[in-house]
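Peer 1: First the structure, which I've put down as structure tokens, then a few questions once you've had a look.
The values are calculated or read from the model by the stated rules, or taken from the named source; none is laboratory data. None of the values given here were measured: they were computed from a predicted structure. Cβ: placed from backbone, ideal geometry, glycine included. Neighbour counts: every protein chain shown. Side chains are part of the model used for accessible areas, which takes the heavy atoms of the whole protein and leaves out ligands, DNA and RNA. Shrake-Rupley method; radii C 1.70, N 1.55, O 1.52, S 1.80 Å.
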Amino acid sequence: MRIPGLDVPRESRLLVFIGLVDAIGTGLYIAGFAVFFTRSAGMSTVEVGVGFTVANACGLVAMTPIGMLADRIGPRAAAILLHYWRGVGFIAFALVHDFVTFLVVSCFVGIPTRAIDPVSQMYVDRHIGKDLRVRVLAVLRVVYNLGFSIGGLLTTLILLIDTRPAFLMIVLGNGATFLLAGFLLGRVPLLADHPPDRRTARGWPRSLRQGRYLIVTALNAVLVLNVTVLTMGIPLWVTSRTEAPVAVVGPLVVLNTVLVVLLQVRLSKGTETREGGVRALRRAALAFAGCMALLALSGLLNAVGAVLAVVVATVLLTFGELWQFGGRLSVSYALAPRDRQGEYLSVFWLGSAAALMVGPLLITAGVVERGPLGWLALAAVFLAAGLLIRPAVDAAARQLGTGDPDSTPDGSPAGRTEPATRN
């Protein structure tokens, strides 16, 4: 599949198509799951909330063990397993009619849903190599945004039909896309898919004993709070604490999406090395801090000034999001020992997932409710994270023995270092 302007390597086009299929199904589900479970499966809104909270908790607990499993069986087998697992789980949602069954299926689905991100990151590394992996992931992110939009539009049509068979397409369609994606993943060429000779998935995860690595993970988690700022902080702030009209909230989200589609690949260039990743994370922290300052200012301005302030704040937030995406990919790759890549990437993602869980409470109660001072305090937190990221990454690299920023995590020279024969 050729995507104009995204500069997709020829060998990655099938992977990009798989990402589009995956994203359409996910967009279909995200836009319609609440309606499906409350109007078609008979769940109450509280039961849906409890079910997905428990499912997220199960996913967090299982994320690192599944990353260790990927180290042991290889990223192809792990990625295919997780896609089939999710496909079967979402199809099983069609049989849910009571809370207990809903809870069991939700937990079954929650585990692979959380674990797939680090395994996919590992998969792309083994697919295309060090030089191109960030670019391919950036293209995939653009495709995911497009796919989510397509899936959301399909859900709109389903909701208009408003029948039980139509509602079933929300979960059955998502399940089918995962099964198709899992099948196609077996056809994507890999540079290397060989598990290490010695077993690595035994005992307590070594990554959880690396304090300096965990500090880097925590600093990245702080930067991940930008997601909640966009989805909850800005809408609540604009509608409750500024003079800006409520109608501006929707266009702000559209603005963010358009900028991601147009600029993600371009702003990911230069982040292929550890040093480039650190620079990008520092830029992201600075952009986030500027966004927070403008949001604080917007609460003190008239309607026109508030609109201008939140628009510029959203642009800054989006640029920070784009830099943070490329930066955290490079840093997480650079600090992950080759024979335990799945484990270390999973722990890195674990920090991000934890930030997304605590983010809603932190941003609403700790920032929005405290007015401009809350935003300024968050700006200070972002600035501190940006200042600390370089020494923290350098310290973690020394502790992990990955001190050469231009080497792969196992110490081999930079570039596409795996065997040339694809399997």
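Peer 1: Please work out which residue is surrounded by the fewest Cβ atoms within 10 Å (Cβ to Cβ), limiting yourself to the stretch 216-234 and to residues that are closer than 13 Å to Gly386 by Cα and of a type in the set (A, V, I, L, M, F, W, C).
Peer 2: Here the answer is Ala218.
Peer 1: Oh, and also: Which ones in the stretch 2-47 are buried (at least 17 other Cβ atoms within 10 Å of the Cβ), at pLDDT below 90 and not in a loop (DSSP other than H, G, I, E, B)?
Peer 2: Result: Ala31, Gly32, Phe33, Ser40.
Peer 1: Whether any residue in the stretch 115-128 is among the β-branched types (Val, Ile, Thr) and open to solvent by 50 Å² or more (accessible area, probe 1.4 Å) is what I want to check.
Peer 2: No, because not a single residue in the stretch 115-128 is among the β-branched types (Val, Ile, Thr) and open to solvent by 50 Å² or more (accessible area, probe 1.4 Å).
Peer 1: Among the numbered criteria (1) open to solvent by 10 Å² or more (accessible area, probe 1.4 Å); (2) aliphatic (A, V, I, L, M); (3) under 24 Å from Val367 (Cα atoms), which single criterion is violated by Val238?
Peer 2: (1)
Every residue, every condition in (1) surrounded by fewer than 22 Cβ atoms within 10 Å (Cβ to Cβ); (2) modelled with pLDDT under 95; (3) not charged (D, E, K, R), yes or no:
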residue	(1), (2), (3)
Pro75	no, yes, yes
Gly87	no, no, yes
Ala92	yes, no, yes
Val96	no, yes, yes
Cys107	yes, no, yes
Asn145	yes, yes, yes
Gly151	no, yes, yes
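Peer 1: Let me ask something else. Would you mind finding the one in Ser352, Ser298 that is open to solvent by less than 60 Å² (accessible area, probe 1.4 Å), within 24 Å of Leu259 (Cα to Cα), modelled with pLDDT of 95 or more and hydroxyl-bearing (Ser, Thr, Tyr)?
Peer 2: Details: Ser352 fails: modelled with pLDDT of 95 or more.
The match here is Ser298.
Peer 1: Of the residues in the stretch 242-272, how many are crowded, with 21+ Cβ neighbours inside 10 Å and farther than 21 Å from Val143 by Cβ?
Peer 2: The number of residues fulfilling the criteria is 3.
Peer 1: Would a scan of the stretch 190-203 turn up a residue that is modelled with pLDDT of 90 or more and open to solvent by 60 Å² or more (accessible area, probe 1.4 Å)?
Peer 2: Scanning the stretch 190-203, I find no residue that is modelled with pLDDT of 90 or more and open to solvent by 60 Å² or more (accessible area, probe 1.4 Å), so the answer is no.
Peer 1: Here's something else I'd like to know. Of everything in the stretch 153-169, what is open to solvent by less than 30 Å² (accessible area, probe 1.4 Å) and either among the polar types (S, T, N, Q) or within 27 Å of Arg76 (Cα to Cα) (or both)? Give them in sequence order. Show your work before the answer.
Peer 2: Here is the first cut: in the stretch 153-169, the ones open to solvent by less than 30 Å² (accessible area, probe 1.4 Å) are 155, 158, 166-167.
Scanning the stretch 153-169 gives a single hit, Thr155.
Peer 1: Going through Ala247, Ala280 one at a time, which residue ends up being within 22 Å of Arg133 (Cβ to Cβ) and either modelled with pLDDT of 95 or more or not polar (S, T, N, Q) (or both)? Don't jump to the end; show me each part of the working.
Peer 2: Details: Ala247 fails: within 22 Å of Arg133 (Cβ to Cβ).
Being within 22 Å of Arg133 (Cβ to Cβ) and either modelled with pLDDT of 95 or more or not polar (S, T, N, Q) (or both) holds for just one of Ala247, Ala280, which is Ala280.
Peer 1: Assess whether Thr53 counts as being within 21 Å of Leu185 (Cα to Cα) and out of contact with any helix residue (DSSP H, G or I) (no Cβ under 6 Å at 6 or more places or on another chain). Outline the logic, then answer.
Peer 2: Details: within 21 Å of Leu185 (Cα to Cα): no; out of contact with any helix residue (DSSP H, G or I) (no Cβ under 6 Å at 6 or more places or on another chain): yes.
Spelling it out, it is not the case that Thr53 is within 21 Å of Leu185 (Cα to Cα) and out of contact with any helix residue (DSSP H, G or I) (no Cβ under 6 Å at 6 or more places or on another chain).
Yes/no per residue for (1) without any contact (Cβ under 8 Å) to a residue 24 or more places away in the chain; (2) small (Gly, Ala, Ser); (3) under 23 Å from Ser330 (Cα atoms):
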{"residue": "Phe52", "(1), (2), (3)": "no, no, no"}
{"residue": "Ala55", "(1), (2), (3)": "no, yes, no"}
{"residue": "Phe93", "(1), (2), (3)": "no, no, no"}
{"residue": "Arg126", "(1), (2), (3)": "no, no, yes"}
{"residue": "Gly147", "(1), (2), (3)": "no, yes, no"}
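Peer 1: Can you find a residue that is surrounded by fewer than 19 Cβ atoms within 10 Å (Cβ to Cβ), over 19 Å from the mean Cα position of the chain (by Cα), farther than 28 Å from Gly326 by Cβ and modelled with pLDDT of 90 or more anywhere in the stretch 50-59?
Peer 2: So far as the stretch 50-59 goes, yes, one or more of its residues are surrounded by fewer than 19 Cβ atoms within 10 Å (Cβ to Cβ), over 19 Å from the mean Cα position of the chain (by Cα), farther than 28 Å from Gly326 by Cβ and modelled with pLDDT of 90 or more.
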